[in-house]
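The values are calculated or read from the model by the stated rules, or taken from the named source; none is laboratory data. Predicted, not measured: the structure shown is a model, and the values here were computed from it. Glycine also receives a Cβ, built like all others from the backbone with ideal geometry; neighbour counts cover every protein chain displayed. SASA here: full protein model, heavy atoms, side chains in, ligands and nucleic acids out. Shrake-Rupley method; radii C 1.70, N 1.55, O 1.52, S 1.80 Å.
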Amino acid sequence: MRKIKIGVFGTNIRGVDLVKSFMLLNCEIVAACEKNSDRIKYGKDSLGDIPFYSDFDEFLNSGIDAVILANYFHEHASYAIKCFEKGIHVFSECISNGTMAEGVQLAQAFKNTNSIYFLAENYPQMIFNREMQKVCKSGTLGKILYAEGEYNHPGNPQDTKFKKDYNYFEKHWRNFLPRTYYITHSLGPIMCATGATPQVVTAFAAYAPTEGDVATASYSGDKAAIITTQNDDGSIFRITGCAAFGGHHNAYRICGTEGQVENLRGMDNKIMLRYNDWTKPEGKDEINLYDAQWNDKDEDLIEKTGHGGADFITARMFIECINENRQPEHPFNLKSAIAMSSVAILANRSMLEGGKPYQIPDFDNPEDVKLYENDTLSPFYSSDGREPSIPCCSHPDFKPTEEQVELFKKLVVEIDE
């Protein structure tokens with residue numbers, strides 16, 4: 001079987017880390033696309049002697065079979081569409097579209113391509129989430145009624161190194177990121193385990209802006225968005241997007257009519273599986289506390305990659321789709337990706353409107369297409385300089401203090417964006 005030729009768009013830390021998994025899968029890394037001089041140097045130091053392009057169209061003509069989209073979080077849709085036009089496969093991290101109109105454009109462009117689209121959401125492949133999927137598939141939980149997903153990632157406000165690596169100029173997308181948008185790490189794992197897709201979303205925010213002499217240019221004073229969805233199977237999800245409260249943790253819980261399973265906060269690999277005395281299956285106790293196991297043929301390779309090995313498994317799934325010429329399953333396919341992005345975008349609107357419920361569209365439906373095909377509202381600065389057109393914070397007038405911005409410029413900002 002021939003080696004699949006991979007190109008990476010964005011040689012930041014994350015882009016290079018993703019490439020490492022594809023190298024372990026015996027793919028050929030043949031090209032990169034990047035415009036930031038520091039990241040070009042980092043990419044060349046990490047990836048070796050491969051061509052680097054500053055123009056994406058030239059990059060696509062370099063003989064690649066598939067592209068890793070590791071550019072700015074909210075700017076994947078237009079590049080994915082260019083890949084579709086050339087029949088190039090897409091591995092996109094980690095929302096598919098930054099606006100509702102882009103969701104429409106992606107769905108329409110995908111109908112005319114032979115490309116495979118894979119949402120590179122890796123958290124479902126973490127060891128504890130894989131175990132929870134197995135439990136759900138066993139059927140012993142009964143009908144799934146409710147699930148929780150918390151991606152809680154507080155950051156030290158004094159950590160300027162992190163900001164230099166990930167948040168390195170004043171109009172960077174992270175400075176305008178609503179708490180609802182970075183959603184796939186909380187939503188993806190429970191969609192994967194349950195098979196459910198959100199149909200209605202509502203959200204509220206917890207406002208607690210960073211105060212004092214801190215280098216920040218963030219226009220979001222919220223620490224968390226608490227999001228609820230009603231799903232196509234009648235179940236309910238509660239998710240956080242990217243929260244920043246208390247101690248760092250990734251926590252998930254899935255509850256059915258017969259039992260429930262969760263990973264324990266602060267002890268990610270520890271699983272608690274619970275039943276009632278009258279619902280426990282044969283061979284199980286009412287309370288089962290145990291460590292999740294990989295039970296995977298590639299365990300040695302898994303443990304060499306990031307996010308607890310989830311990066312490798314996600315990349316492997318993508319390569320399997322290419323080799324078998326099939327689209328990925330829910331929730332990694334494009335339809336699921338657009339649904340997740342719609343939850344992120346419309347939850348922000350719900351948050352701004354006091355918890356107003358929003359229907360999640362289906363862009364196979366002409367009425368939903370008509371409703372959103374011109375909806376370009378975005379909380380981010382665009383690459384062509386357009387200013388944000390919707391607030392990113394539950395308090396729309398919030399902004400960092402002049403002193404905080406001056407410290408950010410002094411301690412963090414890079415000239416080369």
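The figures follow:
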item	result
Accessible surface, per residue, of the stretch 275-364 when the full set of protein chains is kept, probe 1.4 Å, Å²	49
Fraction of accessible area attributable to carbon and sulfur, the chain (%, probe 1.4 Å)	48
Separation of alpha-carbon centers, the stretch 192-211 and the stretch 296-347, rounded to whole Å	21
Cα shape, the stretch 62-133, gyration tensor, a/c 1.5 rule	prolate
Whole-number accessible area per residue in Å² for the stretch 42-109, which is evaluated in the context of all protein chains at 1.4 Å	35
Between the stretch 121-143 and the stretch 19-87, the alpha-carbon center distance in angstrom	32
Spread of Cα-to-Cα distances over 10 Å intervals beginning at zero, given as percent, for the stretch 247-381	9, 22, 28, 29, 11, 1
Inverse of mean 1/r across different Cα pairs in the chain, Kirkwood, Å	22.1
Normalised contact order of the stretch 125-228, rounded percent, pairs of Cα under 8 Å and 6 or more residues apart	33
Theoretical ellipticity at 222 nm over the chain - DSSP helices of four or more residues, -39500 (n - 2.57) apiece, nearest 500	-9500 deg cm²/dmol
Sorted peptide list for 356-368, 66-78, 245-257, criterion being average Cβ within 10 angstrom, highest first	66-78, 245-257, 356-368
